[in-house]
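Please read the structure below before turning to the comments.
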Amino acid sequence: MLRKMFIAIATVASLLSFTATAEAQYYEDKQITILVNYGAGGTTDILARMIAKHMGKHIAGSPNLIVKNMPGAGGITATNHMGSVVDADGLTVAIFAIPVMQQVLSDPALSFELSDFVWLGGTGFPTTCVIRKDAGAGISKVDDLQTVGAFNLAGYRNTSSTDVRMRLALDILGVEYNYVPGYVSASKVNAAILQDEAQFSCASILGLRNLFGPNLIEPGLAIPLWYFAVVDSDGNDVNDGRLAGIPTFNEVFEKFNGEPPSGIQYDALTLINNAMVSMLWGSFVPKGTPDEAVASLRMAWDSLSSDPEFIAEYEAMTSGPPMLTNASKVQDNIQKLVDLNPELVTVVSDLIGAE
Amino acid sequence: MFEAALSGLVQVTAWPAIGYLLFGVLIGLLLGMIPGLSGLVGFSIMLPFTFVLEPVPALALLLGMFAVTTTSDTIASVLFGIPGTSASQATILDGHPMAMKGEASRAFGAAFTVSAVGGILGAVVLGLSIPLVKPLILYFAQPEIFMLSVFGMTIVGTLSGNSILLGLIAALAGLGLSYVGYAENGALPRYVFGTLYLLDGLPLIPVVLGLFALPELIELAVQGGSISTVPREEVKGGLMTGVRDACRNWWLVLRSTAIGAYFGLMPGLGGTIVDWMAYGHAVQSSKSKGTFGKGDVRGVIAPETANNAMKGGALIPTVAFGIPGSPSMAVLLGAFMIQGVAPGPEMLTVKLDFTFALMWTLAIANFVGALLLLLIAGKLSLITFLRSRLLVPLVTLFIFLGAWTSSSNIGDWIVLMVFGVVGYMMKKGGVPRPPMVLGFVIGPIMENALFITTHAYEGLSWLSRPACLIIAVLCLVSITVGIRRNTQKAESSQIAIESPRLDPTMSLATVGLLLAFSIYGLTPTYSWAADVGRIPMLTFVPAVFMSLTALLLGIWRFRQTLTNGEDIFPNKSELGRVFQLWLWLLGIVFVTIAAGQLFALPMFIALYFLTVTRYAWWVALLSAVGTWTFLYIIFDRIIGVVWYPALLF
């Protein structure tokens, strides 16, 4: 028995060491190009460079990593490039802001389905909504939203996932608002609310911490209303410790209506939000990339969540630890975006078409 | 406030912050010198190194680099007529003609001096006016930004040279070009010909390089000689003459500083057009305009002062409210995030010393950067006396690289080539190019601001906002001044933004092209939703009428020229040589598609040296190897440019 166990352990160990050796050999003396689908200097670029800086040491064979930017068409140019030009050799790895809405809307410019790629992992931020206290009839707590009256909602563009989520949320709650898109960044939205040109908007935790917090909330000009939490398969919110004290959207809805939200609009909101929080940014390689390369890259992605240096740098930026999603969860989310209920697509398309 | 200012100075001058600052200055100077590279590229390269630094040294490094890219970008603008960065577009109007007169050194002397003065004064002026900043910024919402962009367009009259009608047509065409791309406001692609590349709109740098740099390259290649048409021994004004020019024009420097600093302060507008505004102001406020566009040092002083002063202006709303005053400052916001520095009102109160540290960084970087460039300016200006056959391949290399770094797409080169043809035609046909660039830059800001305004405010209520009314009055004043000055018949009131020797055939062809473009632009607007089609329609309707008028006037002038027995096509003789150069450039594009840039560009250099310059084969070979090494080390390894995916390898 002991002998059999020894043989089994030895076999497994040798297999593992063979795999590890194969992975180590694969990237030894090689260079990986990290492709970013937005221009230099933006949040996507900063995050990709931060990940690239630390990921290399976790890849067996310690390859050299360099970062290249390929901006264009809301990230689609580089996505198509990954599908049609890049060799499936594991030497070009995408760290992209995932074109989630283009996938949901089946944008013809996107030549590939997101499920056509091999995913390595993802990461994202929750989105928080704020409102000026002097909006409409005035608001000092979230309950006042039911009586506040119309206000201007500062949006980015009608196809933005943030715009879609905040409009769906307000529609689900039955709150009256005037949609004003066109603000090209969170800082422009911040300016619009400061100037009282708009009174309501939402931003990622980065925007909340760096813009809305110090400029709107701390000076007492605005209050946070809710954040969009990830909803698990049982329909429960997965609370985010970084946003303690701020209710989730579902909690606000329940408070107003005495029951949890449901319906096709809510399904659309949940699907898009789950995707954006767990994989606003994702990493992938082309299909056909050798297994040992994929295994090595996935292992490196997962190792980042326990890398103290990476965590320290990430925390300095976001005031919280990184929320890294592993490959299988990302792949699941991607598949959900591909296999969409047509009724849900209609809801989103109608919302985008209507202003 | 004085204590905070002193504390900020101590933080910046303490080790290691000062070391990082000086290192940032060196990198910034290099980036500004190479067309197409800018602070954004530098930011990407430097960023990973700043993750582990303390806030003051990290931001000293990044801001030190940012501060001086608009100082060293003057070099390419003056020497080759290539805007080193998008902030030095207006500098080429007089900077390059100065180089052609053998006065590159003088231009550098003036430009570097006023860059330092503008950068330092801009920071000081804003430091002193911090208490006024908050109400000013908070009051300038989208209606005011729209009105300011309209005000920006009113300097078209000043930039239109001898024909205000042609200037207006060019400006409207520039606005029209800015509508190319995905209309975010209506989720509709406009004028994209079904291509993915155009969804983001036409890229600024290839358009500007095409309009200005390629025609200069053609001139250099076709006419031979050197950039300077005056022999070296006959050149009178040198570096110190430029420095003295800067001192003599102190009042213009002060006004340009104010334009730079306060326009930079206005979120969303300042950074992009400040050099044009300052140039326009220099022309408008001058009694003798006859030398502008021909190499007037004031045409260098005004934009170079303003584009450095602007950086201090743009810094304040960025740190105080998280509202970036320019694209570079939007990037700097990212650096703040990494450093855990949250921009907010506290930056003007309890963290004022940190804000001052940033402003000191700007001031010191501007001073050191200008000093270093003054030391090498004399040597740099010698390039203008080199033979054109030596310079043409090198300038071509930089123009193509500058365009490529825009979005690393072959579309960048196609845009460059197309606008090269347009720029050449406009230059020879006497249609002013600066208004086109102005329209192109202001267009998106204007359209977006108007879109938000009409959605966020009821009816036309926004027009009664006091600041809007004040800017409207300023617009009227600017238009009146522009028209009055342009209608003065005296030669001294004319500016020579474009070639004085007008080619009637080329002029007619250019106006015809602009008319065709306007009709093409107008056609689909009737079927678009109001939000998407309104502004293009308002642009193209007058453009069609004006182009038609200009065409009829052109035909009348053409016939008159014919009747007088004058040459109707004076540039005909050079077209063969122009076409020859064009084939070289097309060759670069085709070889790139087949074999990639790392092969095509060195091969072009080698073949040009071998067949046109007639250097020995080993010189050509060495040049090709040198070019390859430069491309590989700087652009491939350090900057990480994505090359064209060649068909062969």
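The values are calculated or read from the model by the stated rules, or taken from the named source; none is laboratory data. It should be emphasised that the depicted structure is a prediction, and the values quoted were computed from it without experimental measurement. All Cβ positions, glycine included, derive from the backbone under ideal geometry; neighbour counts span all protein chains shown. Remember, those area values only see protein heavy atoms, side chains included, never the ligands or the DNA or RNA. Shrake-Rupley method; radii C 1.70, N 1.55, O 1.52, S 1.80 Å.
Just a few scattered comments:
- With all protein chains in place and ligands, DNA and RNA left out, the 1.4 Å accessible area ranks B:Tyr20, A:Tyr27 as B:Tyr20, A:Tyr27, largest first.
- Max-minus-min Cα coordinates of the stretch B:415-489 on each principal axis give 46, 38, 14 Å, with the largest extent listed first.
- Lys, Arg +1 and Asp, Glu -1 on Cβ, resulting dipole of chain A about Cα centre, debye, nearest 20: 740 debye
- Across chain B, the longest run free of exposed loop sites, meaning GluC sites (Glu not before Pro) lying outside DSSP classes H, G, I, E and B with no more than 15 other Cβ atoms within 10 Å, spans B:1-457.
- Remark: mean inter-chain Cβ contacts per residue of A:66-76 equal 6, using a 10 Å Cβ-Cβ cutoff to other protein chain atoms.
- Under 24 Å from the Cα of B:Lys287 - lysines, other chains or at least 8 residues apart: B:Lys101, B:Lys489
- Building the convex hull from the alpha-carbon atoms of the protein assembly as shown and averaging its projection over directions returns 43.7 nm².
- Antiparallel bridges, percent of DSSP beta bridges restricted to the stretch A:127-275 (to nearest 5): 70 percent
- Extension gain from B:Ala14 to B:Ile519, taking 0.36 nm per residue of separation minus the Cα-Cα distance: 175.6 nm
- Ranked from largest, the principal axis spans of the Cα set of the stretch A:182-243 equal 42, 26, 17 Å.
- Legend: residues A:Asp134, A:Asp116, sorted from most to least accessible area (1.4 Å probe; ligands, DNA and RNA excluded), read A:Asp134, A:Asp116.
- Each residue of the stretch B:100-106 was assigned a 3J(HN,Hα) from its phi angle through the Karplus expression (A = 6.51, B = -1.76, C = 1.60, θ = phi - 60°), giving 5, 8, x, 10, 4, 4, 5 Hz with x at Gly and Pro.
- Selection among B:Val114, A:Ala300, A:Gly42 by position relative to the dipole of the protein assembly as shown gives B:Val114 as farthest towards the positive end (Cβ unit charges, Cα centre).
- The stretch A:39-55 - phi-based ³J(HN,Hα) in whole Hz, Karplus 6.51/-1.76/1.60, Gly and Pro as x: x, 5, x, x, 4, 4, 5, 4, 5, 4, 5, 5, 5, 4, 4, 9, 5
- Neighbouring partner chain Cβ atoms per residue of B:43-55, average, 10 Å criterion: 4
- The magnitude of the dipole of the protein assembly as shown, with charges of +1 and -1 set on the Cβ of Lys/Arg and Asp/Glu and taken from the Cα centre, is near 3680 debye.
- Evaluated with a Cβ-only charge set (Lys, Arg +1; Asp, Glu -1), the stretch B:2-502 carries a dipole of roughly 1280 debye about its Cα centre, given to the nearest 20.
- Pairwise FRET efficiency - A:Asp134 versus B:Leu188, Cβ, R0 = 22 Å, nearest 0.05: 0.05
- Expressed in units of 2.2 N^0.38 Å, where N is the residue count, the Cα radius of gyration of chain A is 1.08.
- Relative to its residue count, the stretch B:589-638 spans a Cα convex hull of 66 Å³ per residue.
- In this simple spin-label model, placing a label point 7 Å from the Cα along the Cα-to-Cβ direction at both B:Arg387 and B:Ala646 gives a separation of 2.9 nm.
- Summed side-chain charge close to B:Thr70 - residues other than B:Thr70 whose Cβ falls under 15 Å, Lys, Arg +1, Asp, Glu -1: -2
- Surrounding net charge for A:Lys141, when Lys and Arg each add one and Asp and Glu each subtract one, Cβ distance under 13 Å: 0
- Reduced Cα scattering model of the stretch B:365-455, Debye log10 I(q)/I(0), q = 0.12, 0.14, 0.23 Å⁻¹: -0.71, -0.91, -1.12
- Taking amide H as placed 1.01 Å from N in the peptide plane, the amide H of A:Phe117 sits under 5 Å from none that are at least 5 places away or on another chain.
- Accessible surface, the stretch B:589-638, averaged per residue in Å² (probe 1.4 Å): 49 Å²
- Dividing the C-alpha radius of gyration of the stretch A:85-211 by 2.2 N^0.38 Å, with N its residue count, gives 1.30.
- Relative contact order of chain B, pairs being alpha-carbon contacts under 8 Å that are 6 or more residues apart, as %: 22 percent
- Here the 3J(HN,Hα) profile of the stretch B:422-432, calculated from phi with Karplus coefficients 6.51, -1.76 and 1.60 at θ = phi - 60°, is 4, x, 5, 4, 5, 4, 6, x, x, 9, x Hz, Gly and Pro shown as x.
- Across A:Lys68/B:Lys379; A:Lys141/A:Lys336; A:Lys255/A:Lys329; A:Lys30/A:Lys287, pairs whose alpha-carbon gap is larger than 24 Å: A:Lys68/B:Lys379; A:Lys141/A:Lys336; A:Lys255/A:Lys329
- Rg in Å to one decimal, and Dmax rounded to a whole Å, for chain B via C-alpha atoms: 24.0, 76
- Pairwise label distance in nanometres, B:Leu6 with A:Leu221, each label 7 Å out on the Cα-Cβ vector: 3.3 nm
- Approximate shape of the stretch A:127-275 as ellipsoid semi-axes (Cα gyration tensor, √5λ), whole Å, largest first: 22, 16, 16
- Scanning residues 5 or more positions from A:Thr127 or on other chains, those with amide H under 5 Å from its amide H are A:Phe228, with H placed 1.01 Å from N in the peptide plane.
- In the frame of its principal axes, the stretch B:47-179 has Cα extents of 54, 45, 31 Å, reported largest first.
- Put simply, the amide H of A:Leu65, placed in the peptide plane, has neighbours under 5 Å in A:Ile32, leaving out anything fewer than 5 places away on its chain.
- Kirkwood estimate for the stretch B:538-649, i.e. one over the average of 1/r between Cα atoms, Å: 18.1 Å
- Summing Lys and Arg as +1 and Asp and Glu as -1 over all other residues whose Cβ lies under 11 Å from the Cβ of B:Ala110 gives a net charge of -1.
- Ordering A:Phe151, A:Leu206, A:Thr128 by the projection of their Cα atoms onto the charge dipole of the stretch A:127-275, which places +1 on the Cβ of Lys and Arg and -1 on the Cβ of Asp and Glu, puts A:Leu206 at the extreme positive end.
- Only Cα sites of the stretch B:87-160 enter the Debye sum here, all with the same form factor; the resulting log10 I(q)/I(0) across q = 0.20, 0.27, 0.28 1/Å is -1.02, -1.09, -1.11, listed in q order.
- Measure of compaction for the stretch A:228-355 (Cα Rg per 2.2 N^0.38 Å): 1.26
- Exposed loop positions in chain B were taken to be trypsin sites (Lys or Arg not before Pro) whose DSSP state is not H, G, I, E or B and which have at most 11 other beta-carbon atoms within 10 angstrom. Between these positions, the longest stretch is B:1-235.
- For the protein assembly as shown, DSSP calls about 70 percent of its internal beta bridges antiparallel.
- FRET E, pair B:Val625, B:Leu138, Förster distance 51 Å, beta-carbon r, rounded to 0.05: 0.35
- Computed E for B:Asp567/B:Leu165 - FRET, C-beta separation, R0 30 angstrom, nearest 0.05: 0.80
- Long-range tail of P(r) for the stretch A:228-275 (Cα pairs > 16 Å, %): 37 percent
- Å³ per residue enclosed by the Cα convex hull of the stretch B:234-341: 120 Å³
- Estimated translational diffusion coefficient (Stokes-Einstein, Kirkwood radius over Cα pairs, 37 °C, 0.692 mPa s) of the stretch B:137-186: 258 µm² per second.
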